[in-house]
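In what follows, a structure is listed as structure tokens, so that the remarks can point back to it.
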Amino acid sequence: MTSEPEQQIGVGTQDAFQRLWTPHRMAYIQGENKPSGPGADDGCPFCSIPAKSDEDGLIVRRGEHVYAVLNLYPYNGGHLMTVPYRHVADYTDLTGPETAELAELTKQAMTALRTASGAHGFNIGMNQGTVAGAGIAAHLHQHIVPRWGGDTNFMPVVGHTKVLPQLLADTRKMLAEAWPAS
């Protein structure tokens, strides 16, 4: 049974309510949690997160030089980032120990994501500089995005949105419990 599109006064084109609303993304689009400048004291969220509890900061693992944290605006469920504690913008400015721990926590994140969610693959990388797409260019961070066969469904293609099946706090707990022993 097909019905006629319902009139939607004031919301644009009639579309029978075929819209997917993701109002939580507006905070990111409007710059919430973005630093006011390039310095560590300019409101950098990656500098303030480590002062929070693991639960409040969505931290999954803390290392000596680097920590792993869930992305507050994930591309996929389980989207993690490895972040040096030190406020540094460029990969070439990392010390040897920071570079080694960033790589090790990335490997551990992959293991945890495979254990906890059966991830089939990953997109791993970092955007260096605003022009390269870095949302917070002043503080280096590497993305670890789990992928599954068939996860490129109509939602991101047609709806321009992702459906996340779990609250971030629950995802953090699940991944922390699945994290391999160091």
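Would you check if D42 is of a type in the set (D, E, K, R), out of contact with any Leu (no Cβ under 7 Å at 6 or more places or on another chain) and at pLDDT below 95? Answer is yes for this residue. Applying a threshold of 8 Å to beta carbon distances and a minimum spacing of six or more residues, or different chains, the list of pairs starting in region 124-139 at a residue that is outside any strand (DSSP E or B) and ending at one that is among the β-branched types (V, I, T) and open to solvent by 50 Å² or more (accessible area, probe 1.4 Å) reads A137/T130. Flag: A138 does not match the condition of being over 22 Å from E177 (Cβ atoms) and surrounded by fewer than 18 Cβ atoms within 10 Å (Cβ to Cβ). Do we find a residue being open to solvent by less than 20 Å² (accessible area, probe 1.4 Å), within 14 Å of the chain's Cα centre (by Cα) and either under 16 Å from F46 (Cβ atoms) or at pLDDT 70 or above (or both) anywhere in region 146-161? Yes, because at least one residue in region 146-161 is open to solvent by less than 20 Å² (accessible area, probe 1.4 Å), within 14 Å of the chain's Cα centre (by Cα) and either under 16 Å from F46 (Cβ atoms) or at pLDDT 70 or above (or both).
Inspection of region 79-98 finds a residue satisfying the criterion of being among the β-branched types (V, I, T), over 23 Å from P146 (Cα atoms) and either open to solvent by less than 20 Å² (accessible area, probe 1.4 Å) or outside any loop (DSSP other than H, G, I, E, B) (or both). Of the conditions (1) open to solvent by 40 Å² or more (accessible area, probe 1.4 Å); (2) touching a Lys or Arg at 6+ places or on another chain (Cβ under 8 Å); (3) over 16 Å from N127 (Cβ atoms); (4) in contact (Cβ under 8 Å) with a residue 12 or more places away in the chain, L58 fails just one. Which one is it? Unmet for L58, out of (1) open to solvent by 40 Å² or more (accessible area, probe 1.4 Å); (2) touching a Lys or Arg at 6+ places or on another chain (Cβ under 8 Å); (3) over 16 Å from N127 (Cβ atoms); (4) in contact (Cβ under 8 Å) with a residue 12 or more places away in the chain: (1).
The values are calculated or read from the model by the stated rules, or taken from the named source; none is laboratory data. Small disclaimer: the values here were computed from a predicted structure and weren't measured. With ideal geometry, Cβ positions are generated from the backbone for all residues, glycine too; neighbour counts draw on all protein chains shown. All accessible areas refer to the heavy atoms of the entire protein, side chains included, with ligands and DNA or RNA removed. Shrake-Rupley method; radii C 1.70, N 1.55, O 1.52, S 1.80 Å.
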